[in-house]
Amino acid sequence: MKIVMVGSGYVGLVSGACLAEIGHDVTCVDIDKDKISKLQDGIPPIYEPGLDKLIQQNQLHGRLFFSSDLKQSLNQAEVAFIAVGTPPGESGEADLKYVEAVATEIGQSMTADLLVMVKSTVPVGSCQKVEDIITQELSKRKSTHQATVASNPEFLKEGTAIGDFMQPDRIVVGLKGKHGEKEVQNLYRPFTLDDPGKLLIVERKSSEMIKYTANAMLATRISFMNDLSGLCEKLGVDISQVRRGIGADPRIGKKFLYAGPGFGGSCFPKDVRALLKTSEACGHQLRILEGVMEVNERQKKAVARKIKDHFGDLHGRRLAIWGLSFKPGTDDTREAPALSIIRDLTGWGAEVVAHDPQATESFKKEIGELAGLSYVDRAYDALKGADGLVLLTEWREYRWPNWQMVRNLLKGHNLFDLRNQYEAETLKEAGFHYECVGRPDSRTDSLLTL
Ligand SMILES: NC(=O)c1ccc[n+]([C@@H]2O[C@H](COP(=O)([O-])OP(=O)(O)OC[C@H]3O[C@@H](n4cnc5c(N)ncnc54)[C@H](O)[C@@H]3O)[C@@H](O)[C@H]2O)c1
């Protein structure tokens, strides 16, 4: 099939490269010309494990192309995906300006009947808007071509995006009536050979709602555990043991139950806020999700406050930070907890020296100039002369540090493990003051021996 992927970011690039990998003829389009020229040279503008090789291989085999010319790319295309950003508007609603601009251009340029798959996360009713815009543009130029607009939310996870796309749990497609069903089945058949039931075809508005509901549910699990982690700290209970105990129940499941510094990234906070806005516009109050966002904001503040409380005054203190991206495996720093925590720490007078294996450049762009913040290329360099180490993102390379070396480099032997990666006992033996999230640590009565 001849496919155009409009928007070559975290979602568009991975989806485009994977669709090329199974044999489709794919052109990824973006308005960012620098991005496109890098991609034409086989260089991905983002970090996603395996993406560079996948792109280069499919370019070499003549199945994957990059262009900033949507009109030309749409010529005789059968399927166009819209995978542009839907950032938060001024009051948290999803801003559809990029989606609408693409819909207009599609209506102005398509030269054959077209299946338009809306992959961007968009509020209920947006696919109808896309359909209206395209139909209007087609009628302006008296074109008789037909556009079938489908909702096709994406569930890939940054860091494991290629595997998620190639072996999906499910593929959700929302259609208005039956129109487009056969084309959708053909398009996705290679990804559902093991189980055709993975392709869930639902009503279009349900599909739009599924994406928001999935992200809202995952965010809820995280906030639920973060909320309880505060109570566990007061009671001297270990939230990790609680997690294991409840996660063994198949009705609950093991995933997304980790206490930490709060959720971030380009999806959960934005999508929960957008859903709250949708709900508000309908006069319905989503009380649980209001709480989810409130707990998340409180958690980011609480973990920063924990560090301040330990030192009392942060003026003249230097802190090493390990990890800036919102999770390991990606350079995405949009709404990363590190942004809020580092702003608080420097605001309270601390000097912060940060390291991340992949996300330093994107973090610099995201946070801008900030007095008191500097970066190093090697993790251990951040520790030199610091009063403490804060683990913010659990990249693999931070999992098993050489504690002796950490101790020798640090001036103050304080460790704030905001991802519960380390064992209190081990750190005690290595001579650290150790604090974590929702588990007994150096502050806990029940571990007075620490
Ligand atoms: N990042 C994720 O993990 C993820 C997962 C699932 C769904 N989503 C959703 O997918 C959508 C895209 O997210 P992303 O993270 O890939 O965003 P992104 O910011 O990485 O990429 C969006 C791209 O669209 C391009 N663009 C904007 N306007 C354009 C236009 N008129 N023509 C062509 N290109 C244009 C931008 O230049 C950018 O490169 C969002 O709605 C997001 O909520 C993201």
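The values are calculated or read from the model by the stated rules, or taken from the named source; none is laboratory data. What you see is a predicted model; the values in this text were computed from it and never measured. Positions of Cβ are generated from backbone atoms using ideal geometry, with glycine treated the same way; all protein chains shown enter the neighbour counts.
N215 - would you say it is within 16 Å of the chain's Cα centre (by Cα) and either assigned to a helix (DSSP H, G or I) or not assigned by TED's automatic domain parsing to the domain that holds A371 (or both)? Working first, answer last.
Numbers: within 16 Å of the chain's Cα centre (by Cα): yes; either assigned to a helix (DSSP H, G or I) or not assigned by TED's automatic domain parsing to the domain that holds A371 (or both): yes.
When the stated conditions are applied, N215 passes them.
Name the single residue that is nearest to I367 (Cα to Cα) among those in the range 323-344 being surrounded by fewer than 24 Cβ atoms within 10 Å (Cβ to Cβ), of a type outside the set (S, T, N, Q) and in contact with a helix residue (DSSP H, G or I) (Cβ under 9 Å, 6 or more places away or on another chain).
Let us first name the residues in the range 323-344 that are surrounded by fewer than 24 Cβ atoms within 10 Å (Cβ to Cβ), namely 327-329, 331, 334-335, 339-340, 343-344.
Adding the requirement that they be of a type outside the set (S, T, N, Q) leaves 327-329, 331, 334-335, 339, 343-344.
The next check asks that each one be in contact with a helix residue (DSSP H, G or I) (Cβ under 9 Å, 6 or more places away or on another chain); those that pass are 328-329, 331, 334-335, 339, 343-344.
On the way: P328: 19, G329: 20, D331: 14, R334: 10, E335: 10, L339: 7, R343: 9, D344: 12 Å.
Only one residue fits best here, namely L339.
Report, by residue number, each residue of the range 319-368 that is closer than 12 Å to G265 by Cα, aliphatic (A, V, I, L, M) and assigned to a helix (DSSP H, G or I).
Selection gives A338, L339.
For the range 89-139, how many residues meet the condition of being assigned to a helix (DSSP H, G or I) and touching a His at 6+ places or on another chain (Cβ under 9 Å)? Full working, then the answer.
Residues of the range 89-139 assigned to a helix (DSSP H, G or I): 97-109, 126-139.
Right, trim to touching a His at 6+ places or on another chain (Cβ under 9 Å) and you get 138.
The number of residues fulfilling the criteria is 1.
Within the range 143-184, how many residues are within 15 Å of the ligand (Cβ to nearest atom) and assigned to a loop (DSSP other than H, G, I, E, B)?
Number of matching residues: 12.
Does P250 count as within 14 Å of the ligand (Cβ to nearest atom) and either part of a helix (DSSP H, G or I) or free of Cβ contacts under 8 Å to residues at least 40 places away in the same chain (or both)? Let's see the steps before the verdict.
Working: within 14 Å of the ligand (Cβ to nearest atom): no; either part of a helix (DSSP H, G or I) or free of Cβ contacts under 8 Å to residues at least 40 places away in the same chain (or both): yes.
So P250 does not fit the description; no.
Is there a residue being closer than 22 Å to V130 by Cα and in the same structural domain as A161 (by TED's automatic domain parsing) anywhere in the range 44-60? Show your work before the answer.
Taking the range 44-60 and keeping what is closer than 22 Å to V130 by Cα, we get none.
No, because not a single residue in the range 44-60 is closer than 22 Å to V130 by Cα and in the same structural domain as A161 (by TED's automatic domain parsing).
So in the range 1-27, with the set limited to residues that are in a strand (DSSP E or B) and more than 9 Å from the ligand (Cβ to nearest atom), which one is surrounded by the most Cβ atoms within 10 Å (Cβ to Cβ)?
As a first pass, look at the range 1-27 and keep what is in a strand (DSSP E or B): 2-6, 25-27.
Next, from what is left, pick out any that are more than 9 Å from the ligand (Cβ to nearest atom): 2-5, 25-27.
Numbers: K2: 16, I3: 23, V4: 27, M5: 29, D25: 16, V26: 26, T27: 24.
So the residue we want is M5.
Return yes when I239 is touching a Leu at 6+ places or on another chain (Cβ under 7 Å) and over 30 Å from K384 (Cα atoms) and no when it is not.
Values: touching a Leu at 6+ places or on another chain (Cβ under 7 Å): yes; over 30 Å from K384 (Cα atoms): yes.
Judged against the criteria, I239 is a match.
Given the criterion closer than 26 Å to L257 by Cα and crowded, with 21+ Cβ neighbours inside 10 Å, identify the matching residue among L383, L418. Before the answer, list the steps.
Values: L383 fails: closer than 26 Å to L257 by Cα.
Only one candidate qualifies: L418.
Return the residues of the range 120-142 that are more than 18 Å from E93 (Cα to Cα) and within 16 Å of the ligand (Cβ to nearest atom); say none if nothing qualifies.
Initially, the range 120-142 is screened for residues more than 18 Å from E93 (Cα to Cα), giving 131-142.
If the condition is that a residue be more than 18 Å from E93 (Cα to Cα) and within 16 Å of the ligand (Cβ to nearest atom), then I133, I134, E137 are the ones that fit.
Would you point out the residue of the range 30-88, among those that are assigned to a loop (DSSP other than H, G, I, E, B), closer than 15 Å to L19 by Cβ and within 16 Å of the ligand (Cβ to nearest atom), that is nearest to the chain's Cα centre (by Cα)?
Filtering the range 30-88 down to residues assigned to a loop (DSSP other than H, G, I, E, B) leaves 30-32, 41-50, 61-63, 68-69, 74-78, 83-87.
Then keep just the ones that are closer than 15 Å to L19 by Cβ; that gives 61-63, 77-78, 83.
Cutting the leftovers down to within 16 Å of the ligand (Cβ to nearest atom) gives us 77, 83.
On the way: A77: 30, A83: 14 Å.
Step by step, filter the range 30-88, then rank; the result is A83.
Would you point out the residue of the range 288-334, among those that are closer than 19 Å to E233 by Cα and aliphatic (A, V, I, L, M), that is nearest to the ligand (Cβ to nearest atom)?
For the range 288-334, the residue satisfying everything is V295.
Can you tell me which of R243, R204 is in contact (Cβ under 8 Å) with a residue 12 or more places away in the chain, over 22 Å from F155 (Cα atoms) and of a type in the set (D, E, K, R)? If you could, list the steps in order and put the result at the bottom.
Details: R204 fails: over 22 Å from F155 (Cα atoms).
Matching residue, one of R243, R204: R243.
Take I222 and decide whether it is in the same structural domain as V303 (by TED's automatic domain parsing), within 16 Å of the ligand (Cβ to nearest atom) and modelled with pLDDT of 95 or more.
Numbers: in the same structural domain as V303 (by TED's automatic domain parsing): yes; within 16 Å of the ligand (Cβ to nearest atom): yes; modelled with pLDDT of 95 or more: yes.
When the stated conditions are applied, I222 passes them.
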